[in-house]
Amino acid sequence: MLEDKNPQRTSLAELGEFGLINHITKYFTISHKSTVKGVGDDAAVLDASAKQTVISTDLLIEGVHFDLSYMPLKHLGYKAVMVNLSDIYAMNATAEQITVSLAVSNRFPLEAIEELYAGIQLACETYNIDLIGGDTTSSTKGMLLSITAIGKANKEDLVFRDGAKPTDLIVVTGDFGAAYLGLQVLEREKQVFKVNPQNQPDLENYTYLIERQLKPEARKDIANLLKELDVKPTSMIDVSDGISSELFHICTQSKVGCKIYEDKLPLDPQVISACEEFELDSTTIALSGGEDYELLFTVPIDDYDKIKGNPNLSIIGHITEQNQGLQLITRGGQEIELRAQGWNALKEK
């Protein structure tokens, strides 16, 4: 990704920190009344309101969370914003602002940073988000990117992880496993390229998988959908580390158990075919793959008629008493203990 396809390379040192900030933020505009002061002062200023403020932050590190040999910088900028917006939407809140902090080594020219911020800007425009500040500095090892998202919600609309009750239905948006398999395809093609740089990858059969890995979309639409259906979730979480890991969070904080059904897990046809190709179990990938950025939530069983058949939603199980534990019901009717095998941010690589 960092090859000199463009002969122009402008050193960041030529601009300096403030020159860089001015350069990369000059095309961002403010669209929310709550943003009183954005980039350009010592601190951003937000207008306090009757609503409650929701804040989430994530740190992405080169070599740990992304590989620039196959992750275009524009896609990285877009995805970094999605990672944070997804957390805001998982609170049933509306995202309004972000801050961006960036550390880069001297191997990155200005043109590379422009590509990164083009992705951030596209995400802001698509999701109606104001960029209101951040920081830039140098790094001795590659790139570090930290984004903080800020949102708002009426107190009565907020949804936490600790409200699930026995008999509640477990519902998910979208489908699962595609992002993980997209990563496997990209990693495989990277190894092939190392052996033979003349070998160009044929990715035509994996377009959906790769899109889900490189350019995920946060589920901004779900809060409005649930309001239209007159459904208020009892608990909710975004699926960044895999369904099983997120269910453990909800069940632990809500002090409940759960049963989910293997045949109810939503899978895209490309996921099924790729699992066969890679000789992977599709259920394991759906439960533990991660990076899907869909939403998992629970609703009272009385709301079944409101959500059944909705193309955006799948009911995959129900909440049980805590002493029943977390169980997966297989297609053959066998009950097995659900294990959290998703992404562990602190596991040594």
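The values are calculated or read from the model by the stated rules, or taken from the named source; none is laboratory data. As the structure is a computational prediction, the values presented were derived from the model and not from experiment. Cβ sites come from the backbone with ideal geometry, for glycine too, and all protein chains shown count toward neighbours. Ligands, DNA and RNA are excluded from the accessible area calculation, which covers all protein heavy atoms including side chains. Shrake-Rupley method; radii C 1.70, N 1.55, O 1.52, S 1.80 Å.
Tell me which aspartates and glutamates have Cα within less than 13 Å of residue 232's Cα, excluding those fewer than 8 residues away on the same chain?
156, 157, 168, 302, 303
How much length would be gained if the chain were fully extended between residue 278 and residue 67, taking 0.36 nm per residue of separation minus their Cα-Cα distance, in nm to one decimal? Please report the intermediate quantities before stating the final value.
Details: separation 211, 0.36 × 211 = 75.96 nm, distance 2.10 nm.
Stretched out fully, the residue 278 to residue 67 stretch lengthens by 73.9 nm.
How do 189, 246, 156 stack up against each other in accessible area, from largest to smallest, with a 1.4 angstrom probe?
Numbers: 189 40, 246 5, 156 125 Å².
In descending accessible area the options line up as 156, 189, 246.
Dividing the Cα radius of gyration by the Kirkwood radius, what Rg/Rh value follows for the chain? Provide the component values of the computation, followed by the final result.
Values: Rg = 21.3 Å, Rh = 21.6 Å.
Rg/Rh: 0.99.
Provide the per-residue ³J(HN,Hα) series for region 289-301, in order, calculated from phi with Karplus coefficients 6.51, -1.76, 1.60 and θ = phi - 60°, each as a whole number of Hz, with x at glycine and proline positions.
Karplus-based 3J(HN,Hα) across region 289-301 equals x, x, 6, 7, 6, 8, 10, 10, 8, 10, 9, x, 4 Hz.
With 24 Å as the limit, write out which pairs from 33/215; 79/152; 220/255; 165/227; 79/264 have Cα-Cα distances beyond it, or answer none.
Working: 33/215 29 Å; 79/152 21 Å; 220/255 28 Å; 165/227 20 Å; 79/264 28 Å.
Long pairs (Cα-Cα over 24 Å): 33/215; 220/255; 79/264.
What residue among 118, 153, 103 shows peak mean-square fluctuation when the chain is described by a Gaussian network model with Cα springs under 10 Å?
Among 118, 153, 103, the largest mean-square fluctuation in the Gaussian network model of the chain belongs to 103.
Please work out whether region 65-211 counts as rounded, prolate or oblate from its C-alpha gyration tensor, where a ≥ b ≥ c are the square roots of the eigenvalues and a/c under 1.5 means rounded, while otherwise a/b larger than b/c means prolate and anything else oblate? Display every interim value, and only then the final one.
Working: a/c = 2.54, a/b = 1.32, b/c = 1.93.
Note, shape of region 65-211 comes out oblate.
Probe of 1.4 angstrom, ligands and nucleic acids ignored: what's the accessible area per residue over region 209-349, in square angstrom? The partial results should precede the final answer.
Details: 7010 Å² over 141 residues.
Roughly 50 Å² per residue, with all protein chains present.
So, R0 is 25 Å and r is the distance between the beta-carbons of residue 191 and residue 111; what FRET efficiency does that work out to, to 0.05? Present the calculation step by step, with values, prior to reporting the outcome.
Details: r = 28 Å, r/R0 = 1.12.
It comes out at approximately 0.35.
Report the rotationally averaged projected area of region 80-142 based on its alpha-carbon convex hull, in square nanometres. Don't skip to the end; give the middle numbers.
Numbers: hull surface 18.4 nm².
So the Cα hull casts an average projection of 4.6 nm².
Given the convex hull of the Cα atoms of region 260-313, what is a quarter of its surface area in nm²? Present the calculation step by step, with values, prior to reporting the outcome.
Working: hull surface 18.1 nm².
Taking the Cα atoms of region 260-313, their convex hull projects to 4.5 nm² on average.
Per the helix-only calculation at 222 nm, which mean residue ellipticity applies to the chain, given -39500 (n - 2.57) for every DSSP H run of n ≥ 4 and division by its residues, nearest 500 deg cm²/dmol?
On the way: 10 runs with 116 residues, N = 349.
Using -39500 (n - 2.57) per qualifying helix, the result is -10000 deg cm²/dmol.
Out of 34, 49, 254, any idea which swings most in a Gaussian network model of the chain, alpha carbons joined below 10 Å?
49
Got a number for carbon plus sulfur as a percent of the chain's accessible area, 1.4 Å probe? Intermediate results must be reported in sequence, preceding the final value.
Working: 8470 of 17410 Å².
The C+S portion of the solvent-accessible surface of the chain is 49 percent.
Taking region 213-306 as the region of interest, what is the percent of Cα-Cα pairs per 10 angstrom bin, listed from the shortest bin to the one with the maximum distance?
Per 10 Å bin, starting at 0, the Cα pair percentages come out as 13, 42, 35, 10, 0.
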